[in-house]
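Reading through the structure tokens given below for one structure.
The values are calculated or read from the model by the stated rules, or taken from the named source; none is laboratory data. This is a predicted model, so every value here is computed, not measured. Methodologically, a virtual Cβ is constructed for each residue, glycine included, from the backbone with ideal geometry; neighbour enumeration extends over all protein chains shown.
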């Protein structure tokens, strides 16, 4: 792929497809674009990130991950009872989660216990849950209907 150098702002017309999705006038800031490109994830990393979201795009797997994170470690039987699914279905989803590096398995006799592979998955799910539960914001950064600007904090603060 050829990396095209941006020398001056580029101004182009607007297509009237959707007023909210496009600027009326495009002015490209070459310095800003270059700075962002330098920090942008590579296509390979972007693909890996997308794969994590694809795996978590299933409601059952999200609930299983949430249960495992909440408990720290659960056996298949307890997971099935917790999320009200049959053990066969739970096992299928756990295989997908394990194959994608989101959970790890530990055998103890005849039982298999699952735990999060690392702390990153908890952070990802905590932030996603917070995003879903906080509600939409208006353009000023205020939560809809609150009249107050919502602070941005890292999980656990």
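With respect to the conditions (1) touching a strand residue (DSSP E or B) at 6+ places or on another chain (Cβ under 9 Å); (2) assigned to a helix (DSSP H, G or I); (3) at pLDDT 95 or above, residue 81 lacks only one, and its number is (1).
With respect to the conditions (1) closer than 15 Å to residue 113 by Cα; (2) surrounded by fewer than 17 Cβ atoms within 10 Å (Cβ to Cβ); (3) in contact with a helix residue (DSSP H, G or I) (Cβ under 7 Å, 6 or more places away or on another chain); (4) in contact (Cβ under 8 Å) with a residue 24 or more places away in the chain, residue 60 falls short on a single one, namely (1). Test residue 98 against the criterion of being modelled with pLDDT of 95 or more and touching a strand residue (DSSP E or B) at 6+ places or on another chain (Cβ under 7 Å), and give yes or no. Answer is yes for this residue.
Evaluation of residue 99 against the conditions (1) buried (at least 17 other Cβ atoms within 10 Å of the Cβ); (2) closer than 20 Å to residue 125 by Cα shows that the sole unmet condition is (1). Within region 38-50, not a single residue is in contact (Cβ under 8 Å) with a residue 12 or more places away in the chain and assigned to a helix (DSSP H, G or I).
Scanning region 86-115 for residues that are under 25 Å from the mean Cα position of the chain (by Cα), outside any strand (DSSP E or B) and without any contact (Cβ under 8 Å) to a residue 40 or more places away in the chain yields a count of 10.
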